[in-house]
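Have a look at the structure below, then the notes.
The values are calculated or read from the model by the stated rules, or taken from the named source; none is laboratory data. Since this is a predicted model, take the numbers as computed values, not measurements. Glycine also receives a Cβ, built like all others from the backbone with ideal geometry; neighbour counts cover every protein chain displayed. The accessibility values were calculated without ligands, DNA or RNA, using every heavy atom of the protein model including side chains. Shrake-Rupley method; radii C 1.70, N 1.55, O 1.52, S 1.80 Å.
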Amino acid sequence: AEMAARLSENRLVSLPLSRIRVIMKSSPEVSSINQDALFLTAKATELFVQYLASYSYKHGRGKEKNALTYSDLSHTAEECETFQFLADILPKKILASKYLKMLEKEKRDGEVGEGDEEDEEEEDEDEA
């Protein structure tokens, strides 16, 4: 009966429970994982991913192209407060050349602005 219950549980979740168990066990605070906790974590993760995808599709250019793009996801992470914790995981794509120019500018600003905190504060206000 327990085996049948597990098989029916697995059909209710698209994500592989074995992978989720591995991820959960990678936390040093976790020693053992209850089967119900594993299932609920998998289901919650699945629902979250569905919500992120549908929100990004509805609020992005997905409707125009009839597709969900990485840009839609990164825009959602950047603009929607609910998903801002994903901004580091879903960064906006930029060209390598643009990134290198940004690094050079940061380096120049760092050298010029050292010891002069007022200039740095004014720059922060301009950006906001």
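Brief remarks follow.
- Each of Phe83, Phe39, Phe48 has its accessible area taken with a 1.4 Å probe; listed largest first, they run Phe48, Phe39, Phe83.
- The solvent-accessible area of Asp36, taken with every protein chain present and a 1.4 Å probe, is close to 90 Å².
- Rounded to the nearest 20, the Cβ-based charge dipole of the stretch 22-106 about its Cα centre (Lys and Arg +1, Asp and Glu -1) stands at 420 debye.
- Estimated at 0.36 nm per residue, the fully extended path between Leu86 and Leu15 surpasses their Cα-Cα distance by 23.6 nm.
- Whole-Å semi-axes of the stretch 17-110's equivalent ellipsoid (Cα gyration tensor): 33, 22, 10
- Lys98 exposes around 110 Å² of accessible area when a 1.4 Å probe is run over every protein chain in place.
- Gain on full stretching of the segment that runs from His59 to Ala96 - 0.36 nm per residue minus C-alpha separation: 10.6 nm
- Whether the stretch 46-88 is rounded, prolate or oblate, judged on the alpha carbon gyration tensor where a/c under 1.5 counts as rounded: oblate
- Ligands, DNA and RNA left out, the accessible area of the stretch 17-110 computed with a 1.4 Å probe is 57% carbon and sulfur.
- Per-pair calculated FRET efficiency, R0 = 41 Å: Lys107 and Gln50 via Cβ, rounded to 0.05: 0.45
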